[in-house]
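Asker: One structure, as structure tokens, below. Some questions next.
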Amino acid sequence: MDTASKPNEPRHILSFSRKLFLSVILLFLIFVGSVITYQYQREKEYKIELLNLQLQDFNEDLFHRLQETPDSLWTPLIQENILQADKELRVTIITPEGKVIYDSYEPGLPTDNHLDRQEVRQALKDQRGYDVRRTSETTGMSYFYSATNFGSCIIRSALPYNVDLINHLSADWHYLWFTLFVTIVLVFIYYHFTSRLGTAITQLRQFAKRADKNEPIETDLQSAFPHNELGEISQHIIQIYRRLRETKEALYIEREKLITHLQTSHEGLGVFTKEKKEILVNNLFIQFSNLISDSNLETTEEIFSVCEFQKITDFINKSQKSSLGKEEKRMSLTINKNGRIFIVECIIFQDLSFEISINDISQEEEQIRLKRQLTQNIAHELKTPVSSIQGYLETILNAQDLPQEKMQTFLERCYAQSNRLTRLLRDISVLTRMDEAANLIDMEKVDVSLLVGNIVNEVALELEEKNITVVNSLKPHILLRGNYSLLYSIFRNLMDNAIAYAGTHIHVHISCFREDENFYYFSFADTGVGVAPEHLNRLFERFYRVDKGRSRKLGGTGLGLAIVKNAVLIHGGTISAKNNPGGGLEFVFTLAKEK
């Protein structure tokens, strides 16, 4: 009736039906035992009372005969009555004072007083009395005594308490066999009933286990239940579960659609409970929150402690305490931070949960401006080294008496400009390849921690020359699937940018401050001179320079950070820059985990 328990499941010694059967049968057997015991005592008392009545009748009949007989003829009369009743019967006549005046057992009368005998005391009190079993001091035998008080005397008759009397007084056991037979029949019927109940309970337990493990319910499970009330209830439960499962699957599909929409949305979206606990946020929400905040947020809930979100937080707290109607409540806020303008909107729903959306309204304008300036910048950047080379070569060709040392200097400058032009064309080629053939880039498993360690070793001499200390806080073996060259270009360009522009006697801190199911969150920060806020949102533009003269003097192409941004995008992440409160520039970016 019970299915075998699995190794990882708790083992039940007895099933529910067995426990129910045994508990009820135990109570039933206790009841039957009590009835049998009570009936046995009643039967035994009835036999004793019947024997006592028979002896009492004998005593009364004997007394009436003795009254009609002279004293001298008592003995023959008594012996005759004894023979008629039972030859083993013993008759004793006792005065009200307890003196024995006749005893049929022996001619010599007992000399002891009989007032202390139970049957005598009871007869003196109630006219009749008996004692079931007592050993006679005169004969040394056990008797059943029955005494009757007639006023002038007490006649006591006694039968020896032998095997025949014991059998005569014992209860009739025929009723016991009948009771046992009825009990066995009822136990069998009840066992059959509990077995059917146990079958339903077992099937219901199997259904509960499958439902708990979210397993599909077999179509023939409903037919396995018995055709009774419990089976009908179980079938209704299964039907309800199936409807709930279908609803859950439909909700799961809708939830996946919503999550996909949030992750691909062009705005940062976050949904929270009324206790300000995260329900669902997308990557842009985390990215924008960290860009607005002065410190990196390890958890999304920390945005409610950011001063820029204080008005939103106050609005949420006030709306939750308000007893207004159930309509939705909205609030919008504009935040200007780190060279960007964000529109933050909060919507509070009827159950007091809420949604916060963050939109970077400057992004579209920046993209339009970048496209407009791209062709102009490329032409300008190519024109500069070409013009320099052309000017030096014209001087060499036109000046016939140009000193050899001057000519060597001009040639070296032409060579430097040609190298700059080569680097510029190479960077343009890399950006073009990332823009037009991102899907064709080979991907492999890359250990980012090892890659960053190699870069730090490669630039050790340059770091030492500028007294730059690198603090690498990356934990070992941060693995993701990506292109090694592009990942190398991300951290190498950020490192070269810090070495070239951040200044001397500074610290560079590289860390992975957070991770979730889909992304690693990196920070590349320095304690250098930083960048004016108006330049922050343009650092990743192609050919954009904060200090054009200084950048060209250092040999930069103006494409390093653009390459970094495109490489991050190819790896499923986003990147932004902000100034640290204590000074210096920080790049915060994400890279998708290995799938």
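Laboratory data are not the source of any read-out in this text; all were calculated from the coordinates shown. Being a predicted model, the structure only gives us computed values, none of them experimental. Here the Cβ positions follow ideal geometry from the backbone for every residue, glycine too, while neighbour counts run over all protein chains shown.
Asker: Any chance you could run the full-extension gain for Arg255 through Ile279? It's 0.36 nm times the residue separation minus the Cα-Cα distance, nm to one decimal.
Answerer: Values: separation 24, 0.36 × 24 = 8.64 nm, distance 1.20 nm.
Result for the pair: 7.4 nm of gain on full extension.
Asker: If the viscosity is 1.002 mPa s and the temperature 20 °C, what Stokes-Einstein diffusion coefficient in µm²/s follows for region 39-169 when Rh is the Kirkwood radius over Cα pairs?
Answerer: On the way: Rh = 14.9 Å.
D, rounded to a whole number, is 144 µm²/s.
Asker: Right, next: Past the 19 Å Cα-Cα mark, which pairs from Lys276/Lys475; Lys475/Lys593; Lys213/Lys274; Lys87/Lys125? Don't jump to the answer; show the numbers that get you there.
Answerer: Details: Lys276/Lys475 30 Å; Lys475/Lys593 15 Å; Lys213/Lys274 30 Å; Lys87/Lys125 30 Å.
Check vs 19 Å cut-off fails for Lys276/Lys475; Lys213/Lys274; Lys87/Lys125.
Asker: May I pose another question? Starting from the 7 Å offset along Cα-to-Cβ, what nm value, one decimal, do you get for the label separation of Ile48 and Lys406?
Answerer: Placing both labels 7 Å beyond Cα along the Cβ direction yields 15.2 nm.
Asker: Report D for region 467-527 in µm² per second (integer): Stokes-Einstein, Kirkwood Rh on Cα pairs, 37 °C, 0.692 mPa s. The partial results should precede the final answer.
Answerer: On the way: Rh = 12.8 Å.
Diffusion coefficient, whole number: 257 µm²/s.
Asker: Still on this structure, I have one more. First measure r as the distance between the Cβ atoms of Ser511 and Asn398, then evaluate 1/(1 + (r/R0)^6) with R0 = 56 Å and state the FRET efficiency to the nearest 0.05. Please report the intermediate quantities before stating the final value.
Answerer: Values: r = 57 Å, r/R0 = 1.02.
About 0.45, to the nearest 0.05.
Asker: Another question about this same structure. So, R0 is 60 Å and r is the distance between the beta-carbons of Leu461 and Leu22; what FRET efficiency does that work out to, to 0.05? Provide the component values of the computation, followed by the final result.
Answerer: Details: r = 86 Å, r/R0 = 1.44.
The formula returns an efficiency of 0.10 here.
Asker: Could you compute how fast region 265-359 diffuses translationally, taking Rh as the Kirkwood radius over C-alpha pairs and applying Stokes-Einstein at 20 °C with viscosity 1.002 mPa s? Give it in µm² per second. Intermediate results must be reported in sequence, preceding the final value.
Answerer: Values: Rh = 13.4 Å.
Taking Rh from Cα pairs, D becomes 159 µm²/s.
Asker: Let me have the relative contact order for region 47-195, percent, based on Cα pairs under 8 Å that are six or more residues apart. Intermediate values should be presented prior to the final figure.
Answerer: Details: 195 pairs, mean separation 31.7, N = 149.
Reported relative contact order: 21 percent.
Asker: Starting from the 7 Å offset along Cα-to-Cβ, what nm value, one decimal, do you get for the label separation of Phe304 and Glu444?
Answerer: So the two model labels end up 4.7 nm from each other.
Asker: Further question: To the nearest 0.05, what FRET efficiency results for Arg133 and Leu186 with a Förster distance of 45 Å applied to their C-beta separation?
Answerer: Details: r = 38 Å, r/R0 = 0.84.
Step by step, r from the Cβ atoms, then E = 0.75.
Asker: Please work out how much length the chain gains when fully extended from His477 to Lys318, using 0.36 nm per residue of separation minus the C-alpha to C-alpha distance, in nm with one decimal. All intermediate terms of the calculation are to be shown ahead of the outcome.
Answerer: Working: separation 159, 0.36 × 159 = 57.24 nm, distance 4.61 nm.
Value of the extension gain: 52.6 nm.
Asker: Oh, and also: Sort 127-134, 461-468, 254-261, 514-521 by the packing proxy (mean of other Cβ within 10 Å over each peptide's residues), most packed first. The partial results should precede the final answer.
Answerer: Details: 127-134: 17.6, 461-468: 13.2, 254-261: 11.0, 514-521: 16.1.
Packing proxy ranking, top to bottom: 127-134, 514-521, 461-468, 254-261.
Asker: With each label point set 7 Å from Cα along the Cα-Cβ vector, what nm distance links Arg210 and Val529?
Answerer: Each label point lies 7 Å from its Cα, and together they span 7.3 nm.
Asker: I've got another one for you. Starting from 0 in steps of 5 Å, tell me what percent of the Cα-Cα pairs of region 122-181 lands in each bin.
Answerer: 4, 16, 19, 16, 14, 11, 8, 6, 4, 1, 0
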